[in-house]
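As structure tokens, the structure follows; a few thoughts come after it.
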Amino acid sequence: MIRCTIDLSASGRNLGHLYIPYSYNLAGWANLMVPIAVVNNGPGPTTLVMAGNHGDEYPGQVAVMRLLRELRAEQVKGRVILIPTLSMPAAKAATRLSPLDGKNFNRTFPGVAEGTPSEALAHYLTTVLFPLADNVIDIHTGGRGVDFYPCAHMHLVPAGPQRQAMLAATEAWNTDFCFLYADIAGTGLLPVEAESQGKVVITTEMGGSENVTAHVHALTQKGLRNVLVQLGHLTEPMVTRASKGQAPTRWVQALAWENYRFAPESGIYENIAPLGDEVTQGQTVGAIHFLERPDRDPILVTAHSAGILIATRAPSLVAQGDCVAVIAQEVDPRKLP
Ligand SMILES: [Zn+2]
């Protein structure tokens, strides 16, 4: 159902669109147009670089748009396929979910060929683009809801060459922390589909909230470029944290459900422990206040165990059940089974 206007196997640098047909009241024959580019230069790996899986997560979209304009075929070994904005209607509306079909794109995999625009695009990625790729990059932030300490992250896929390659590529982002995460909010994720196809999958949580600092933009852009060096596409020198005089990346993991703290009641959330701080078991990380009952003591949210506060609530207004904090424990990922 989806038409790609460029030949992804052609040499050189080509820019076009994915046309995803849909209908609305003013156009029965409409297409959602998703920009796609390919830079292809001889033998080498294929890497699919994507952002805007969630519309309101912009640092990756900016980084991929920059890369799309900068990359020249003669600079590249192998093939890089770039999609700056997967969820175009959501990105234009500054929303997480697509206003076109109400879908969370990152819950639509493996997709449906004849489904809604989000489902059809997921199916196209699953059946056409992932099989072309050796490596899959999907750049996220915490969206408007969660503020992450900017980090590259990954699932702990089964031990073996895929996991080793993912650890090395994730570290190439040169973030202070790298994060092993669990899926606590459903299935149908893009990275899980790509991992199940054996791909080397590199993902991030580049901050969050609506404020994107200059630091986060620079970290996203430099990290992405360095990952492409690490994957063998670019011949420029690899940048390491040591070469920048920085301490090694600290790996942390939050694989247990209890690592993810949820608001027990609706109210006004106060972050108490700073993002990125070490917290102790039982330490108060936040409090929920009640506008209509200023006399009532706030409900405290505590750390279930010691660790690093890797993510906090972004908006102050909180609803019962929202994730308000993530506490991760330091780990050596190369010693995990
Ligand atoms: Zn996201």
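Rg/Rh for the range 64-160 to two decimals, with Rh computed the Kirkwood way over all alpha-carbon pairs.
Details: Rg = 15.3 Å, Rh = 15.6 Å.
Result: Rg/Rh = 0.98.
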* To do: Any chance you could run the full-extension gain for GLN164 through THR284? It's 0.36 nm times the residue separation minus the Cα-Cα distance, nm to one decimal.
  => 39.6 nm
* Pick from SER243, SER266, SER209: which residue has the top mean-square fluctuation in a GNM of the chain where Cα pairs under 10 Å get a spring? -> SER243
* **Residue pairs, from the table LYS77/LYS222; LYS103/LYS222; LYS199/LYS335; LYS199/LYS222, whose Cα atoms sit over 25 Å apart** => LYS103/LYS222
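With +1 on the Cβ of every Lys and Arg and -1 on the Cβ of every Asp and Glu, and nothing else charged, how large is the dipole of the chain about its Cα centre, in debye rounded to the nearest 20?
Values: 25 positive and 30 negative charges, 206 e Å.
The calculated dipole for the chain is roughly 980 debye.
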* Structure fact -> Taking every C-alpha to C-alpha distance in the range 257-330 and binning by 5 Å from 0, the per-bin percentages run 4, 19, 31, 23, 15, 6, 2, 0, 0
* To do: Give me the angle, in degrees from 0 to 90, between the Cα long axis of helix 59-70 and the longest principal axis of the Cα atoms of the chain, rounded to the nearest 10.
  => 20 degrees
* Scattering from the C-alpha atoms of the chain alone, worked out with Debye: what is log10 I(q)/I(0) at q = 0.14 1/Å? -> -1.13
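Given Cβ point charges of +1 (Lys, Arg) and -1 (Asp, Glu) and nothing else, what value in debye, to the nearest 20, does the dipole of the range 284-337 about its Cα centre take?
Numbers: 5 positive and 6 negative charges, 37 e Å.
I would put it at about 180 debye.
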* For SER23 and VAL239, what is the calculated FRET efficiency with R₀ set at 41 Å and r taken between the beta-carbons, to the nearest 0.05? -> 0.30
* Asked: What area, in nm² and to one decimal, does the C-alpha convex hull of the range 136-277 cast on average over all directions?
  -> 9.9 nm²
* At q = 0.12, 0.17 Å⁻¹, what is the log10 ratio I(q)/I(0) for the range 112-169, with the Debye formula run over Cα points and no solvent? -> -0.46, -0.84
* Structure fact -> Projected convex hull area of the range 203-337, Cα atoms, direction-averaged, in nm², equals 10.6 nm²
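Which of VAL279, VAL80, VAL227, VAL239 comes first, and how do the rest follow, when ranked by fewest Cβ neighbours within 10 Å?
On the way: VAL279 20, VAL80 30, VAL227 26, VAL239 16.
Sorted ascending by nearby Cβ count, the order is VAL239, VAL279, VAL227, VAL80.
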* Structure fact -> Within the under-9-Å Cβ sphere about VAL39, not counting VAL39, Lys/Arg +1 and Asp/Glu -1 give a net charge of +3
* Using θ = phi - 60° and the Karplus relation 6.51 cos²θ - 1.76 cosθ + 1.60, list the HN-Hα couplings for the range 249-265 in order, rounded to whole Hz, with x at every Gly or Pro. => 4, 9, 7, 10, 9, 9, 9, 9, 4, 5, 5, 9, 9, 10, 5, x, 9
* To do: Divide by every residue of the chain the summed helix terms, -39500 (n - 2.57) for each DSSP H run of at least 4, and state the resulting mean residue ellipticity at 222 nm, rounded to the nearest 500 deg cm²/dmol.
  => -5500 deg cm²/dmol
* Fluctuation leader among ILE310, ILE268, ILE81 - the chain, Gaussian network, Cα springs under 10 angstrom -> ILE268
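Can you bin the range 1-73 into rounded, prolate or oblate? Criterion: square roots of the alpha carbon gyration tensor eigenvalues sorted a ≥ b ≥ c, rounded for a/c under 1.5, prolate for a/b above b/c, oblate for the rest.
Oblate is the answer for the range 1-73, as a/c is 1.5 or above yet b/c matches or exceeds a/b.
Read-outs: derived from the displayed coordinates by stated rules, not from any lab. The structure presented is a predicted model; accordingly, all values stated were derived computationally and were not measured. Heads up, the Cβs are rebuilt from the backbone with ideal geometry, glycines too, and the neighbour counts pull from every protein chain shown.
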